[in-house]
Amino acid sequence: MNLSNHVQNYDENAAMTDLEAEMVRNAAQSFATSESPLTLVRTAEAGDWSQINKSWEKLAQLGWLEILQYQETESEGLISACVIAEELGRAAYPLPFAEAATLALPLLAEYAQNKVDIDSITLGNKRVAFAIPLMGLPTKFERLTALDSDNVWIANQLDEAELLIIPTLQDGQPAIALINRPTSGWHSTPMPDLANNAYSQISTEDLANADLIPVNWQSLSKAFDHFRLVTCAYIVGLSSQVADIAIEYAKERIAFDKPIGSFQAVQHRLAESALELSAAHLLVREASVTGDLSQIAIACIQTCEAGKKSTFTARKYGVAWGIPWK
């Protein structure tokens with residue numbers, strides 16, 4: 001399916017042309033193929049991130065981390081981010097593109113130009129991690145730093161980051177806490193149930209020297225809306241790859257002397273998954289053009305349902321990246 005046919009039909013004044021969207025898709029597909037092969041993804045899953053981490057600077061040099069930093073190009077940036085994320089999802093790219101491009105760098109560019117070397121982060125020379133609260137926002141900074149705090153914050157790829165950003169409240173107003181990497185390293189706790197230690201729980205020990213930067217609700221809310229939508233695009237790509245592999249595997253797996261793909265019940269399941277994913281893809285693309293909050297919410301709901309159905313169907317018929325479940 002062409003990535004922007006539907007969007008162009010929906011809005012003749014779309015921020016990107018069909019050709020531009022296709023060029024972005026081709027670049028993202030080329031990057032994902034060369035920098036995120038299944039062998040490296042499996043290696044990272046096993047705990048060795050050294051090889052896949054080398055791809056981050058290459059991703060940054062393509063300009064993908066700064067596409068949402070500038071308000072004058074935000075519309076094009078959101079569409080591009082979704083296109084890129086979908087292709088990264090197809091390759092199961094494990095590094096936090098969405099967090100960096102939609103949350104960390106836009107907020108730093110707007111509020112912390114004088115406190116952070118943004119160019120080094122944008123170019124991939126330094127890494128930044130964004131902490132996501134498991135119990136929801138808002139949380140007062142005083143509670144965040146309390147030793148007996150029950151509020152859990154996690155960050156993706158914290159071990160590689162030199163800067164940590166945590167959204168919080170200060171005097172009833174939104175703020176972001178900037179924490180530089182301690183000289184002794186982060187004192188975080190691995191979260192083995194989340195992406196095989198890719199995520200870490202933040203330690204209050206690291207929050208003592210936080211620099212609080214006031215932000216406004218509109219900017220923070222917009223950043224999280226963009227994060228949700230780009231994450232949806234990633235899930236659509238990941239789930240679509242799973243569905244494609246399931247279809248191919250259904251042609252190869254033999255039962256009762258026939259490929260299981262010839263059975264009507266299997267065909268129905270696979271067709272339903274494809275239909276749900278097509279709807280999710282189009283809703284994400286439409287929301288990336290309009291930026292409408294209600295459309296982003298609808299896209300999120302559809303993506304969750306489509307992703308769940310496609311992965312369940314693939315597992316039901318014995319597929320996980322082309323390898324039968326044991």
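Among Ile165, Ile154, Ile260, which one moves the most in a GNM of the chain with springs linking Cα atoms closer than 10 Å? Comparing Ile165, Ile154, Ile260 in the GNM, the peak value goes to Ile260. Taking a virtual spin label 7 Å from the Cα of Glu305 along the C-beta vector, which residues in segment 281-295 bring their backbone nitrogen under 18 Å of it? Under 18 Å, as judged by backbone N against the label point of Glu305, lie 281-287, 294-295 of segment 281-295. This ranking places Met16, Met23, Met191 by how few other beta-carbon atoms lie within 10 Å of each, fewest first, which gives Met23, Met191, Met16. Between Asn26, Gly47, Tyr93, whose Cα lies farthest towards the positive end of the dipole of segment 5-107 when Lys and Arg beta carbons carry +1 and Asp and Glu beta carbons carry -1, centred on the Cα centre? Sorting the options by dipole projection puts first Gly47. Eigenvalues of the alpha-carbon gyration tensor of the chain, scaled by 5 and square-rooted, set the equivalent ellipsoid semi-axes at 35, 24, 18 angstrom, largest first. Based on Cα contacts under 8 Å between residues 6+ apart, the chain shows a relative contact order of 17 percent. The angle between the Cα long axis of helix 217-252 and the longest principal axis of the Cα atoms of the chain comes to about 30 degrees, rounded to the nearest 10. When the Gaussian network model of the chain links Cα atoms closer than 10 Å, the mean-square fluctuations of Ala243, Ala297, Ala46 top out at Ala46. Modelled spin-label separation between Glu248 and Asp18, with each label point placed 7 Å from Cα along the Cα-to-Cβ direction: 2.8 nm.
Straight-distance candidates among the aspartates and glutamates for linking to Lys126, with alpha-carbon spacing under 15 Å and chain neighbours fewer than 8 residues away dropped: Glu57, Glu66, Glu99, Asp117, Asp159, Glu160, Glu162.
When each of Asp206, Asp211 is scored by the number of other beta-carbon atoms lying within 10 Å, the sequence from fewest to most is Asp211, Asp206.
Take every pair of alpha-carbon atoms less than 8 Å apart whose residues are at least six positions apart; their mean separation over the length of segment 220-316 yields a relative contact order of 39 percent. Other residues whose C-beta falls under 12 angstrom from the C-beta of Leu59 contribute a net charge of -1, scoring Lys and Arg +1 and Asp and Glu -1. A Cβ-based charge dipole, computed about the Cα centre of the chain with Lys and Arg at +1 and Asp and Glu at -1, lands at about 1140 debye.
Taking max minus min of the alpha-carbon positions on each principal axis, segment 5-107 gives extents of 46, 29, 18 Å, largest first. Under the criterion of Cα pairs below 8 Å and six or more residues apart, the relative contact order for segment 5-107 equals 35 percent. At R0 = 30 Å, how high is the FRET efficiency between Ser262 and Phe312 if r is their beta carbon distance? Nearest 0.05 is fine. So the FRET efficiency works out to roughly 0.90. With +1 on each Lys and Arg Cβ and -1 on each Asp and Glu Cβ, and nothing else charged, work out how big the dipole of segment 5-107 is about its Cα centre, in Debye to the nearest 20. It comes to approximately 520 debye.
With a Cα cut-off of under 24 Å and a minimum spacing of 8 residues unless on different chains, the lysine pairs in segment 176-326 number 10. The long axis of helix 18-35 is offset from the longest Cα principal axis of the chain by roughly 80 degrees. Between Ile254, Ile121, Ile132, the residue with the greatest mean-square fluctuation in the GNM of the chain (Cα pairs under 10 Å linked by springs) is Ile254. Placing a label point 7 Å from the Cα of Asn125 along the Cα-to-Cβ direction, the residues of segment 101-119 whose backbone N falls under 13 Å of that point are 117-119. Exposure proxy ranking for Glu74, Glu57, based on other Cβ atoms within 10 angstrom of each Cβ and starting from the fewest, stands as Glu57, Glu74.
The Thr183 and Ser34 beta-carbon pair, evaluated with R₀ = 30 Å, returns a calculated FRET efficiency of approximately 0.25.
Computed from the coordinates by the stated procedures, all read-outs in this text should not be read as laboratory data. Since this is a predicted model, take the numbers as computed values, not measurements. In this analysis, Cβ positions are derived from the backbone assuming ideal geometry, glycine residues included, and neighbour counts consider all displayed protein chains.
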